[in-house]
Amino acid sequence: MADGHSHVFLGAAHEQSERRTWAVIWLAGFMMVAEIVGGLLFGSIALVADGLHMSTHAGALLLAALAYSYARRHADNPLFTFGTGKLGDLAGFTSAIVLSMIALLIGYESIGRIFAPVPIHFTEAISIAFLGLAVNITSALILSGGGHHHGHGHDHEHAHPDRAHDEAHTIATERGTLIIEIFEDGVPPRFRLRAASGPNPAAAAVSIETERPDGARQRFVMVARDGYLESAEEIPEPHAFTAHVHLDGKEHPVVFEEHDHAGATVSHDYNMRAAIVHVMADAAVSVLVIGGLVLALVFGWLWMDPLAGIVGACVIASWAYGLIRSTGAILLDMNPDREMERRLRQAIEGEGDRLADLHLWRLGPGHLGAIVSVVTAQRRDPDYYRARLARFRALSHLTVEVKVAP
């Protein structure tokens with residue numbers, strides 16, 4: 001967590017994402033020139049039209065690249081009170097608006113062609129569609145860096161292992177290997193212990209005692225569950241302590257170090273997501289167009305081509321809506337992670353203090369800002385609460401206000 005002086009809140013892979021975006025722009029620019037020149041030389045108006053379409057493709061990506069460049073160059077500019085990390089979110093929101101307009105144009109043109117069909121040069125149109133598909137797939141691979149990115153604009157808060165439990169630890173005993181973890185997936189946090197293979201030990205034969213850095217100790221009684229043993233008592237926050245597992249008269253110490261991670265909404269680079277959505281939308285339309293053209297060519301169903309356009313417009317509109325909703329929430333400083341808010345509240349109120357006010361917002365990919373107002377009856381200064389919240393790695397800018405209760 002930053003000490004409050006640094007205001008550089010760019011994503012961890014900001015420069016790599018910037019380079020990948022410029023690489024795709026060069027690819028799109030090359031294809032644009034090749035198609036326009038080739039179309040003029042060989043008299044293909046369809047090739048020229050696709051080249052002009054490629055120029056809009058390059059223009060949309062240029063918006064993302066310029067946002068990366070500007071945010072990097074002005075990352076230390078004091079005029080930006082909370083840094084330039086949200087510039088990518090602004091670019092993603094703008095790209096989503098452009099995508100929605102493209103969806104409307106495609107839908108409008110497709111509906112018009114249903115009622116007023118135009119002649120189709122199938123061989124040339126199918127070839128250009130395949131060329132566009134190849135370029136878009138290549139662009140998506142370059143932008144994703146070979147990783148796995150969802151090609152849509154919706155955010156899914158998948159359950160991550162670090163949210164469900166801390167890292168599982170193994171204990172070597174005379175009975176065999178045991179596995180101990182802290183489980184808290186939608187339930188109060190409790191110890192869970194089970195045998196790696198074979199039967200679990202009897203609940204009466206096992207107990208766990210935690211020892212915290214300040215010397216405080218707490219003993220936990222284990223009860224048998226279906227396939228594992230579980231502590232009868234809840235584990236107070238924070239989950240940073242040594243757990244002494246007592247079994248068969250022997251003690252097995254296990255060290256737990258809790259680190260809270262940000263959720264998907266906090267970590268996403270929406271500038272890169274918007275760029276990927278743009279090329280994936282183009283790729284999806286290319287696939288639909290190829291299918292529509294092939295069916296029209298084989299069966300004479302000329303209406304399949306505009307129908308494919310309408311379906312493509314609906315797909316693009318859906319992705320654009322997801323991006324607008326996600327990036328718009330960030331630009332309006334909506335709470336980006338309710339689970340993080342709950343954990344912050346637990347960390348502050350776990351020792352009897354009261355959290356009078358809490359503001360949590362996103363500063364950039366992987367960076368959160370927070371303002372906490374604490375009411376306490378103890379003689380504690382803001383540094384005390386900074387230390388308690390130090391495990392929240394995503395908190396890059398923290399302001400603490402302490403009020404003494406009467």
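The values are calculated or read from the model by the stated rules, or taken from the named source; none is laboratory data. Since this is a predicted model, take the numbers as computed values, not measurements. In this analysis, Cβ positions are derived from the backbone assuming ideal geometry, glycine residues included, and neighbour counts consider all displayed protein chains. Accessible surface is based on the protein model in full, side chains and every heavy atom, while ligands, DNA and RNA are left aside. Shrake-Rupley method; radii C 1.70, N 1.55, O 1.52, S 1.80 Å.
For the stretch 360-377, the set of residues classified as at pLDDT 85 or above and outside any strand (DSSP E or B) consists of Pro365, Ala377, listed by residue number. Scanning the stretch 359-406 for residues that are aromatic (Phe, Trp, Tyr) and in contact (Cβ under 8 Å) with a residue 24 or more places away in the chain, we see that the one that is most open to solvent (accessible area, probe 1.4 Å) is Trp361. Residue count for the stretch 67-121 satisfying the condition of being crowded, with 19+ Cβ neighbours inside 10 Å, in a helix (DSSP H, G or I) and among the aliphatic types (A, V, I, L, M): 9.
Just wondering, is there one or more residues in the stretch 287-309 that are open to solvent by less than 30 Å² (accessible area, probe 1.4 Å), closer than 30 Å to Gly364 by Cβ and touching a helix residue (DSSP H, G or I) at 6+ places or on another chain (Cβ under 7 Å)? Scanning the stretch 287-309, I find no residue that is open to solvent by less than 30 Å² (accessible area, probe 1.4 Å), closer than 30 Å to Gly364 by Cβ and touching a helix residue (DSSP H, G or I) at 6+ places or on another chain (Cβ under 7 Å), so the answer is no.
For the condition touching a residue at least 60 places away in the same chain (Cβ under 8 Å), in a strand (DSSP E or B) and under 16 Å from Glu251 (Cα atoms), Leu193 does not qualify. If you take the residues of the stretch 338-358 that are within 18 Å of Pro188 (Cβ to Cβ) and of a type in the set (Asp, Glu), which of them is surrounded by the most Cβ atoms within 10 Å (Cβ to Cβ)? That would be Glu341.
Please verify whether the stretch 151-164 includes one or more residues that are out of contact with any Pro (no Cβ under 7 Å at 6 or more places or on another chain), open to solvent by less than 40 Å² (accessible area, probe 1.4 Å) and modelled with pLDDT of 80 or more. Looking through the stretch 151-164, none of the residues is out of contact with any Pro (no Cβ under 7 Å at 6 or more places or on another chain), open to solvent by less than 40 Å² (accessible area, probe 1.4 Å) and modelled with pLDDT of 80 or more. Of all residues in the stretch 385-404, exactly one satisfies the criterion of being modelled with pLDDT of 90 or more and touching an Asp or Glu at 6+ places or on another chain (Cβ under 7 Å), namely Val402.
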